[in-house]
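Here the structure comes first, spelled out in structure tokens, and everything after it is commentary.
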């Protein structure tokens, strides 16, 4: 099961899993993009399906997993990719301030410009959505005594890069993963995180080109990552290749954050 499967990274995660034989339940709020992902997955595994739902809505998440239970009776792996960017926040702040010759490209939105709505929506989609989906998936995994959960975090959560509400949401996911790994491990369920750096897909493409171009020289590998880089990291953590790994964060970031 892959949430956010209509986005650049989520769609690639779903497709890579399907290429490796998984029956994929693809989820997103955008029915058009989700439909494209589902069709691509079905070329590899015909049983793959799409479910439109907002992961920030706990009732919608519960309904989605109830459908999966009825249709398949199991969830072997869950990858929580669904997320939103802060593009609208940046545009609002840019419109409100007076440009200066000393301005430098930035991902940040000032705390004095942050609205309650922006703060709550960012955490609702990233952090609440991860919680709701994990809570709904665990009972299905417990019935079989096995399962793997992969939560997409970010180097924003590792090193405080990017807008602070995004970093807070992603940092929360990392804490969630580390704590829950201790509870779920004895039950046969693993949970890990993937913390991407700047990826040439999805949210990175909402940033201004000058911001992205200014960031690339700070990457030791001197390039952006690809969505497939993240998809293979998620596949590794979801599969038996990582059978002795839980509570960890795998960070394909080109060397920006080295820990």
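The values are calculated or read from the model by the stated rules, or taken from the named source; none is laboratory data. Keep in mind it's a predicted model, so treat the numbers as computed, not measured. No Cβ is skipped: glycine too gets one built from the backbone with ideal geometry, and neighbour counts run over all protein chains shown.
Could you say whether any residue in the range 90-112 is more than 22 Å from the chain's Cα centre (by Cα), at pLDDT 85 or above, assigned to a helix (DSSP H, G or I) and closer than 24 Å to residue 174 by Cα? Yes: one or more hits.
For (1) buried (at least 16 other Cβ atoms within 10 Å of the Cβ); (2) touching a residue at least 40 places away in the same chain (Cβ under 8 Å); (3) assigned to a helix (DSSP H, G or I), each residue gets a yes or a no:
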{"residue": "169", "(1), (2), (3)": "yes, yes, yes"}
{"residue": "172", "(1), (2), (3)": "yes, yes, yes"}
{"residue": "179", "(1), (2), (3)": "no, no, yes"}
{"residue": "183", "(1), (2), (3)": "no, no, yes"}
{"residue": "203", "(1), (2), (3)": "yes, yes, yes"}
{"residue": "229", "(1), (2), (3)": "yes, no, yes"}
{"residue": "235", "(1), (2), (3)": "yes, yes, yes"}
{"residue": "245", "(1), (2), (3)": "no, yes, no"}
{"residue": "253", "(1), (2), (3)": "yes, yes, no"}
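From the list 23, 16, 79, 55, the one residue that fits, being part of a helix (DSSP H, G or I), surrounded by 17 or more Cβ atoms within 10 Å (Cβ to Cβ) and in contact (Cβ under 8 Å) with a residue 24 or more places away in the chain, is 16. Hey, residue 210 hits all of (1) modelled with pLDDT under 95; (2) touching a helix residue (DSSP H, G or I) at 6+ places or on another chain (Cβ under 9 Å); (3) more than 19 Å from residue 83 (Cβ to Cβ) but one; which does it fall short on? Only one criterion is unmet by residue 210, namely (2).
Can you confirm whether residue 28 is closer than 27 Å to residue 115 by Cα, at pLDDT 95 or above and surrounded by 15 or more Cβ atoms within 10 Å (Cβ to Cβ)? Considered against the rule, which asks whether it is closer than 27 Å to residue 115 by Cα, at pLDDT 95 or above and surrounded by 15 or more Cβ atoms within 10 Å (Cβ to Cβ), residue 28 comes out as yes. Among the residues making up the range 37-52, a single one is assigned to a helix (DSSP H, G or I) and surrounded by fewer than 17 Cβ atoms within 10 Å (Cβ to Cβ): 39. Listed by position, the helices (runs of 4 or more DSSP H) enclosed by the range 113-166 that each have at least 1 residues that are more than 30 Å from residue 241 (Cβ to Cβ), modelled with pLDDT of 95 or more and in contact with a helix residue (DSSP H, G or I) (Cβ under 8 Å, 6 or more places away or on another chain) are 116-123.
Screening the range 1-13 for residues that are in contact with a helix residue (DSSP H, G or I) (Cβ under 7 Å, 6 or more places away or on another chain) and part of a helix (DSSP H, G or I) and picking the one that is farthest from residue 196 (Cα to Cα) gives 11. Selection over the range 139-164 of residues that are farther than 18 Å from residue 86 by Cβ and without any contact (Cβ under 8 Å) to a residue 24 or more places away in the chain gives a count of 1.
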